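Inspection log for the structure reproduced underneath, given as structure tokens.
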Amino acid sequence: MSKLKLLFLLLLLGSSLVSQAQKNNFTVSGTIKAQSSGETLIGAVVKIKDLKGAGTVTNEYGFYSLTVPSGSYELEVSYIGYELNTIAITLDKNITQDVDMVEKGKQLNEVVVKSVREDANVSRTEMGVMKLDVKTANKLPVIMGERDILKTMTLMPGISSAGDGNSGFYVRGGGPDQNLILLDEAPVYNASHLLGFFSTFNSDAIKDVTVYKGTIPAEFGGRLSSVLDIQMNEGNNKKYHVSGGIGLISSKLSVEGPLQKGKSSFLISGRRTYADMFLKLSNNENLKNSKLYFYDLNAKVNYKINDKNRIYLSGYFGRDVLGFDNIFGFDWGNSTATLRWNHIVNSKLFSNTSAIFSDYRYNIGITNAGFNFDIKSKIQDWNLKQEFTYYANTKHTVKFGFNTIHHTIEPGNIVAKGANSQVNNTNVEDRFAWENAVFVADEWKVNEKIKLNYGLRATSFTLLGAGSFYTYDQEGNATDSVKYQSGEFAKTYFNLEPRVSINYMLTKESSIKAGYSRSAQYLHLMSNSTTGNPTDLWIPSSENVKPQVADQYTLGYYRNFNDNKYEFSAEVYYKDMQNQIDYKNGAQLNVNTKIESELLFGVGRAYGIELFFKKRYGRFNGWVGYTLSRTERKINGINNGDWYVSRYDRTHDVSAVAMYDLTKRWTISAIWVYNTGNAVTYPAGKYNIDGQTYFYYTERNASRMPAYHRLDLGATYTKVTKKGRESSWAFSIYNAYNRFNPFSIAFEQNANNPQQTQAVQTSLFGIVPSITYNFKF
């Protein structure tokens, strides 16, 4: 049976399931919003009181739909931090019931990661799903006072930070390129500022953050390890608000309000560092003319056309600029734009259509002693996505749709500047690709104890002309080349990606879940550093570079205690990975016309256990997470073809987070993290040729850097006036016991004893105190 026929049969199966509606059933549907701002609420719980099994949660646009037998009921809507709302309804026909939720006068204390409902960790089908709460994340200590949602995310089990000076992260043994990062559905290819010290995401502009690291839903694809789905704020459509902050190295300002009260709104949020301003105070002329800053801008508008149609336009633009006098310049950044149309087809069918643009590029300029040239690289996407959600009945919710993306990749070009430049132009051909996917998934409530989420994603990837494409032998020598014209198909891959997860409720407070998912990845990041750099480049799958494929198996136990005040979970996973990429010793990846000749291919595996315990409420709350894991690769040409530890391996990873309300205005917090040092390749010996010392290496990643550990402390003072104006002072001490964690280790000759080789460790930070003032009115 062909793949297309199989997919067609699954679609027919979904259609048959969703058609099972009883004649006397009617539907109540609508949108849940915050009364004070008009912002839609994602994941609000909507249920028919006293009708068993009749419940749902709102989607990412605040829409819900419930189909039940005719009758008179009480519709109950709940959302953390808001008053419970109960509405009497009569269902003798399909009705629309929008609900405005009122914030509680005094919210219960919440920790950074919270469920959309208090028992969602136990009751939902998906595994390895977490939501990050931006508001409470602001209470945690951070470096230099700059709030960072990505750094907060790495405090969760199964998600490891790439280390100081890097905003990248590893999920269950996968590399940074195996994480799909979406900002209002637009892919973000490099999520770092200042060479990785901060992320690109301004927390003041973020509404909702969801991380999928287990069984990834069928509507997402293109990466093996995780999806980080970030939704921007829509803007207050009732009142105008201004908020901002002033820190040691950056300041930010956000403005939001109605364009047409109750119908449309806007949000503009900007941020900029001013480290470069301090350079102007230097007596050194070179430093005075140097540059060191980043800036970013988030903007969003939305307009409610009528009760069934709403459009959103959002965008992001960010840039980093580094430069030393007129000798060296380096800038990089992302640009994204998303145009979305929400359409309620009927009370059961919700449609979202998105046109998406994403662009990441960098430019390096050198002007020194006749070496005048630029190095340029980019990856650019045009993306069309269509999703439908069909609320068949209380047992079945079906999602289906398609996604098509056109990729343009400029791998890296050297462009000489001026007639006297001593550098020649080097042009690496642009690459073009077309990626497509169709998907269908069904959330099935089998009975009171069993829930099942199953789906299929069918993907294709086509490498397009124009360009010359080489074939290489196992030693990396070009054996053949073919030239294709613009738009011609050079190579096409197809993959079927089934996803399934099941939840069995042991009791109302505990459950067991199991899941399986297959994912395919067609774009690959070329980086031979452990932390990642802005100059790392992407390449598409080709005749030589096969798509990476991963099969992940998961099993978990989940238990809540004391009326959901405490939460515990234990998850085990095994991930089998095909077509993994590593590099030859001394591989040259940048501005290389035959970069594929530097690559080696093989398989990988990752497995581990994740333990998580959290206290949710009370003056004292927080959590402890622990991960025990192993990540390995087996690549022909490395370590004689034997298994070796991946550079993303972290045997032990521990995080402990605590927050305590001293008074109504003062909150103190602490974070302690520990993880096994990075796997690295140290030299096994050295030799001398013509007076020059060279090192030689044996096993790949056979050594370890020293373990990483750090304690951060924070205190936040918040004052809210009777008129609703809010101000706060955030004090933090990063690395409180002044641990000099390794950033890199180099080996060099001892100047006093040339026969001796010494290891030299570089550390980025000792203790770093900071203070930030934030305001909102």
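The values are calculated or read from the model by the stated rules, or taken from the named source; none is laboratory data. These numbers were taken from a predicted model, which means no experiment stands behind them. FYI the Cβ positions are ideal-geometry reconstructions off the backbone, even for glycines, and counts take in every protein chain you see. To get the accessible areas, we keep the full protein, side chains included, count just its heavy atoms, and leave off ligands, DNA and RNA. Shrake-Rupley method; radii C 1.70, N 1.55, O 1.52, S 1.80 Å.
List of remarks:
- So Lys376, is it modelled with pLDDT under 95 and open to solvent by 30 Å² or more (accessible area, probe 1.4 Å): yes
- Matching strands (runs of 3 or more DSSP E) fully within region 158-272 where at least 1 residues are among the β-branched types (Val, Ile, Thr) and within 25 Å of Phe775 (Cα to Cα): 206-212, 226-232, 241-246, 250-260
- Applying a threshold of 9 Å to beta carbon distances and a minimum spacing of six or more residues, or different chains, the list of pairs starting in region 231-244 at a residue that is farther than 14 Å from Asp204 by Cβ and among the basic types (Lys, Arg) and ending at one that is in a loop (DSSP other than H, G, I, E, B) and open to solvent by less than 10 Å² (accessible area, probe 1.4 Å) reads Lys238/Gly38.
- Tally of residues being touching a helix residue (DSSP H, G or I) at 6+ places or on another chain (Cβ under 7 Å) and of a type in the set (Val, Ile, Thr) across region 226-262: 1
- Selection from region 735-759 of residues that are open to solvent by less than 70 Å² (accessible area, probe 1.4 Å), at pLDDT 80 or above and over 30 Å from Asp661 (Cβ atoms): Asn741, Pro742
- Qualifying residues in region 316-350 (those that are in a strand (DSSP E or B) and among the acidic types (Asp, Glu)) - the one farthest from Lys378 (Cα to Cα): Asp320
Quick grid of which residues meet (1) open to solvent by less than 10 Å² (accessible area, probe 1.4 Å); (2) under 25 Å from Glu410 (Cα atoms); (3) under 10 Å from the mean Cα position of the chain (by Cα):
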residue	(1), (2), (3)
Tyr170	yes, no, no
Ile181	no, yes, yes
Glu185	no, yes, no
Phe197	no, no, no
Thr200	yes, yes, no
Ile206	no, no, no
Gly214	yes, no, no
Glu219	no, no, no
Asp229	no, no, yes
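- Evaluated against (1) touching a helix residue (DSSP H, G or I) at 6+ places or on another chain (Cβ under 9 Å); (2) surrounded by 19 or more Cβ atoms within 10 Å (Cβ to Cβ); (3) more than 23 Å from Leu600 (Cβ to Cβ), Lys508 falls short on exactly one condition, (2).
- Of the strands (runs of 3 or more DSSP E) lying entirely inside region 406-475, those carrying at least 3 residues that are hydroxyl-bearing (Ser, Thr, Tyr) and open to solvent by less than 40 Å² (accessible area, probe 1.4 Å) are 450-464.
- Selected residue (criterion: least open to solvent (accessible area, probe 1.4 Å)) from residues of region 59-103 that are in a loop (DSSP other than H, G, I, E, B) and touching a Gly at 6+ places or on another chain (Cβ under 6 Å): Gln97
- Each residue in region 394-404 was checked for being closer than 19 Å to Leu452 by Cα and open to solvent by 30 Å² or more (accessible area, probe 1.4 Å), and 5 of them qualify.
- Only one entry in Gly618, Gly677 is part of a loop (DSSP other than H, G, I, E, B), over 22 Å from the mean Cα position of the chain (by Cα) and closer than 22 Å to Met130 by Cβ, namely Gly618.
- Some residue of region 691-713 being farther than 30 Å from Lys584 by Cα, open to solvent by 60 Å² or more (accessible area, probe 1.4 Å) and not in a strand (DSSP E or B): no
- Candidate set: region 288-299, residues that are more than 20 Å from the chain's Cα centre (by Cα), open to solvent by less than 70 Å² (accessible area, probe 1.4 Å) and not hydrophobic (A, V, I, L, M, F, W, C); chosen: the one farthest from Leu194 (Cα to Cα): Lys288
- For Ser646, the conditions (1) within 21 Å of Ser225 (Cβ to Cβ); (2) loosely packed, with under 15 Cβ neighbours inside 10 Å all hold with the exception of (2).
- Boolean, Lys614 is without any contact (Cβ under 8 Å) to a residue 24 or more places away in the chain and either within 29 Å of Glu726 (Cα to Cα) or open to solvent by less than 70 Å² (accessible area, probe 1.4 Å) (or both): no
- Residue within region 678-686 that is open to solvent by less than 30 Å² (accessible area, probe 1.4 Å) and within 23 Å of Phe198 (Cα to Cα) present: yes
- Failed criterion for Ser732 (all others in (1) in a loop (DSSP other than H, G, I, E, B); (2) surrounded by 15 or more Cβ atoms within 10 Å (Cβ to Cβ); (3) among the polar types (S, T, N, Q) hold): (1)
- Considering region 285-344, the residues that are in contact with a Leu (Cβ under 9 Å, 6 or more places away or on another chain) and of a type in the set (Asp, Glu) include one that is nearest to Asn363 (Cα to Cα), namely Asp331.
- Residues of region 577-611 that are open to solvent by 60 Å² or more (accessible area, probe 1.4 Å), polar (S, T, N, Q) and modelled with pLDDT of 90 or more: Gln578 alone.
- When the test is whether a residue is more than 20 Å from Tyr734 (Cβ to Cβ), part of a strand (DSSP E or B) and not aromatic (Phe, Trp, Tyr), Val654 does not pass it.
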